[in-house]
Amino acid sequence: MFIITGRCNIIMKGMMKVRTTFNISEDLIREVESLYKADSRSKAVESALKDAVRLKKLMAFMELKGNIDIDEEAVRKIREAELGENEDNS
């Protein structure tokens, strides 16, 4: 396996720019570039990292299934109130 060392600029919403070095296989980098069709390797890696974070958060949320009781009547009332507010502002 061929290992590369590259510099990546990681920019996340609300966060500062970080310059760091990663050792990532050339095959994995090529696959990420192919999947994301980004303008640069940095953008492809950033997109892949964002997707990985999003997926982990979604998986953690899905683990809550069956552990949370939702008061459907309260949700319905909130939705009705929000719809009423939107109609008043129109």
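None of the figures in this text is laboratory data; all of them are computed from the coordinates on show. This structure is a prediction, so every number in the text was calculated from the model and none was measured.
Database remark: amide H of residue 24 closer than 5 angstrom to the amide H of 4, 6 (H placed geometrically; neighbours at sequence offset of 5 or more, or on other chains; Pro and chain starts carry no H).
Cross-link reach is defined here as a Cα-Cα straight distance under 27 Å, omitting same-chain residues fewer than 8 places apart; for residue 37 the lysines meeting it are 13, 17, 50, 56, 57.
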